[in-house]
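Right, one structure below, let's go through it.
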Amino acid sequence: MNKTEDQIIEENYGLAMSMARKFYRKTPTFAFEDLLQIALMSMLKAHRKYNSGKSAFSTFATYCIRNDLIKFVNKNKDLRQLAQKKPEHIQIKEDVEEVLPDNLTIKEQAIFFYKKSNYKDFEIRDILNLEKKSYKEMVKSCYEKISEANE
């Protein structure tokens, strides 16, 4: 009998909750709700890929959830560190030193650093959880503020 995704979530909600709680204790800088959402989405992904001939669903789901939570924490670690400290000067080119203005928001600073680190636009939007239109507006605003500060 095939189970619906709602049934899978109901039956294994405790597993997702316990994995999210475990990661929350280790990395409390992330919201518990975010970690739980990652765990639940990962459980659904595990359900779609599950092969009953290889192992029990809970075993397979545990590994999938853990791996996705690790990816989420590692991918967003840079943004958390960026929010905690703001460097005064940044070397963009070898001979040109840019000064970041004080009026940049945390997200604008993050965009600047991710672009400097050669992240692609869709990766930055995904990390910062931004829509395409608002992302483009933020990039434009960021560069305008930087240009004004360095004139």
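Here, each number is a calculation from the coordinates, and none is a lab measurement. Note that the coordinates shown come from a computational prediction; the quantities given were computed from them, not determined experimentally. Neighbour counts are summed over all protein chains in view; Cβ atoms, including those assigned to glycine, are modelled from backbone coordinates with ideal geometry.
A few points about this structure:
- Residues of type lysines that Lys49 reaches as a straight line, Cα spacing below 29 Å, ignoring anything fewer than 8 places off in the same chain: Lys3, Lys22, Lys26, Lys71, Lys75, Lys77, Lys120
- Compared with the direct C-alpha span, the chain from Ile127 to Met41 gains 29.3 nm at full extension, assuming 0.36 nm per residue.
- Two-site FRET efficiency, Ala149 against Asn74, from Cβ-Cβ distance with R₀ of 30 Å, rounded to 0.05: 0.40
- Ranked for footprinting exposure by Cβ neighbours inside 10 Å, fewest first, Leu44, Leu35 give Leu44, Leu35.
- Relative exposure of Thr62, Thr29, judged by other C-beta atoms within 10 Å (fewest first): Thr29, Thr62
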